[in-house]
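Participant: This is the structure I have questions about; it appears just below.
The values are calculated or read from the model by the stated rules, or taken from the named source; none is laboratory data. The structure presented is a predicted model; accordingly, all values stated were derived computationally and were not measured. Neighbour counts are summed over all protein chains in view; Cβ atoms, including those assigned to glycine, are modelled from backbone coordinates with ideal geometry. What goes into the accessible areas is simple: the full protein's heavy atoms, side chains included, and nothing from ligands, DNA or RNA. Shrake-Rupley method; radii C 1.70, N 1.55, O 1.52, S 1.80 Å.
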Amino acid sequence: MRIAVPRETHPGENRVPVTPETAKKLVRLGAEVVIEAGLGEGTGYSDSEYQEVGASISADREALFTQADVLLRLRKPSLEEVALMPEGCIHVSYLDPFNERELIEALRAKGVTSISMEMIPRTTRSQKMDALSSQANLAGYMTVMLGAMHLPRILPMMMTPAGTLKPAKVFVIGAGVAGLQAIATAKRLGARVTAFDTRAVVAEQVHSLGATFLEIDLGETGQTKDGYAKALTDEQIAMQREAQKAVIAESDIVITTAQVFGRKPPVLVTQDMLEGMTPGSVVVDMAAETGGNVEGSVPNEVVTVNGVTIVGLGNLPNYVCKDASQMYASNLFNLVEDSWDKEGNSFVIDFEHDILPGCIITHGGEVTNATIKQFYEGGQ
């Protein structure tokens, strides 16, 4: 089975879906692995490193698509790339299926089996394939690094002959994978950390990291069966904003990580909250690219509003692209290996499998994913 790995063309993207280490493992499975020339340049991997482990190098990008049995990617394909794929080809990448209906329709019409890495079920067995979590971990780490870089003071307490410097106060909104990593990183750097999440069940995890959990009674909240926070009502969002206002005003760094899967993120830090913050304070909006948690944040930019720096930079895992590539490539390999037929040397699509049906979006000319199919049929 021919596994092709084309270069990522998104501006500034340095991550790769397959590292030399995972290419070696794919070859050992019995796959023919073809890498586009220059794939790993942004991450520091040379073509020769891929060749040394048994992969071949191709400079013919179009042939990579037209001759592939499996395409392993990071970002979603363009419509032009879909047109090049042979019927029956398996394409694995992020797809953003809730918001990319035209793309999903193109994949369906072409007869491509498309697998969305966002839709990997959140079960114990699938943790090693969970790319959302692996990349969110690194994104959470980077929110603290960016916050610290833009803050005109240090994070830890420091006692010196010239006086004592108090620890910075960091407030993290959202204690999912990214939020918990942000909490842990800020604590390691010596900050005083407070966190909030609509899911009271995560309070114990916040406390275990040495942070304070902000208690806000929002009434009925909770999480989905996959562990995502449920969307709040407008009334609940207003209650959350009011309760957080005083904490935000006292914070040196505010980090927002609140996203509801498949929907626009809620606005949690409003203009009046920013006005209450001390000049020089920093707000890092991890959701800026998808709509933003912070009023005034600009996707992929750092702006200053009334003396408060708002960091809206996106693609945070790309700042640590080598580690991000290693983790994503491992997620991809684990997914492939789990459904690999060693006798036939092929990736087997099995709808009786406990993981695949949840992340396959199109197959055999149909949209097969129950969640996405229902979402489309609902006229969303």
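Participant: Which of the lysines could be linked to K166 by a straight reach, that is with a Cα gap under 23 Å, when you skip same-chain ones fewer than 8 residues away?
Facilitator: K187, K245
Participant: Tell me which DSSP H helices of the chain clear both cut-offs, 24 Å or more of axial length from alpha-carbon atoms and a mean Kyte-Doolittle hydropathy of at least -1.0.
Facilitator: Those that pass (Cα extent of 24 Å or more, hydropathy at least -1.0) are 131-150, 234-250, 321-338.
Participant: Counting Lys and Arg as +1 and Asp and Glu as -1, what is the net charge of the other residues whose Cβ lies under 12 Å from the Cβ of T309?
Facilitator: -3
Participant: For the pair D96 and E377, what calculated FRET efficiency results from E = 1/(1 + (r/R0)^6), where r is the Cβ-Cβ distance and R0 = 30 Å, to the nearest 0.05?
Facilitator: Values: r = 19 Å, r/R0 = 0.62.
Computed FRET efficiency for E377 and D96 comes out at 0.95.
Participant: Contour minus end-to-end for R188 and R125, with contour as 0.36 nm per residue of separation and end-to-end as the Cα-Cα distance?
Facilitator: On the way: separation 63, 0.36 × 63 = 22.68 nm, distance 2.99 nm.
Contour length minus the Cα-Cα distance gives 19.7 nm.
Participant: What distance in nm separates the simple spin-label points at E62 and E289, each placed 7 Å from Cα in the Cβ direction?
Facilitator: Going by the 7 Å Cα→Cβ label model, 3.0 nm.
Participant: May I pose another question? Between the stretch 240-257 and the stretch 305-327, what's the alpha-carbon centroid distance in Å?
Facilitator: Answer, in whole Å: 20.
Participant: R0 = 30 Å: FRET efficiency of M158 with V305, Cβ-based, nearest 0.05?
Facilitator: Between M158 and V305 the formula returns 0.55.
Participant: Computing the accessible area with a 1.4 Å probe over protein heavy atoms, can you report the carbon and sulfur percentage for the chain?
Facilitator: That fraction is 49 percent.
Participant: Which label marks the calculated value of semi-axes √(5λ) of the Cα gyration tensor in Å, given the options [x] 29, 25, 19; [y] 33, 26, 21; [z] 40, 24, 18?
Facilitator: Working out semi-axes √(5λ) of the Cα gyration tensor in Å from the coordinates points to [z].
Participant: Which residue fluctuates most in the GNM of the chain (Cα springs below 10 Å): E80, E366, E118?
Facilitator: Largest GNM mean-square fluctuation: E80.
Participant: Which stretch or stretches of the stretch 276-293 have amide N atoms under 18 Å from the point lying 7 Å from L218's Cα along the Cα→Cβ direction?
Facilitator: Zone members listed by number: 285-288, 291-293.
Participant: How far apart, in nm, are the 7 Å Cα→Cβ label points at D69 and H207?
Facilitator: 5.4 nm
Participant: Turning to a different aspect of this structure: Would you please put 133-140, 170-177, 254-261 in order of how densely packed they are, using the mean number of other Cβ atoms within 10 angstrom per residue and starting with the highest?
Facilitator: On the way: 133-140: 22.6, 170-177: 27.1, 254-261: 24.1.
In descending order of packing, they fall as 170-177, 254-261, 133-140.
Participant: Continuing with the same structure: Just subtract the alpha-carbon distance of F351 and A238 from 0.36 nm times their residue separation and send over the number in nm, one decimal. Present the calculation step by step, with values, prior to reporting the outcome.
Facilitator: Numbers: separation 113, 0.36 × 113 = 40.68 nm, distance 4.31 nm.
Gain on stretching F351 to A238: 36.4 nm.
Participant: Pop a pseudo-label 7 angstrom from the Cα along the beta-carbon direction at both A200 and E105 and give the gap in nm to one decimal.
Facilitator: Taking the simple label geometry, A200 and E105 are separated by 4.5 nm.
Participant: What does DSSP give for the chain in terms of the percent of beta bridges that are antiparallel, rounded to the nearest 5?
Facilitator: 30 percent
Participant: May I pose another question? Net charge near G378, counting Lys/Arg +1 and Asp/Glu -1 over other residues with Cβ under 15 Å of its Cβ?
Facilitator: Working: positive: R101, R263, K373; negative: E377.
For residues surrounding G378, the net value is +2.
Participant: Also, quick follow-up: Taking only Cα atoms and a 10 Å spring cutoff, compute GNM fluctuations for the chain and point out the largest among G280, G163, G111.
Facilitator: Top of the fluctuation ranking is G163.
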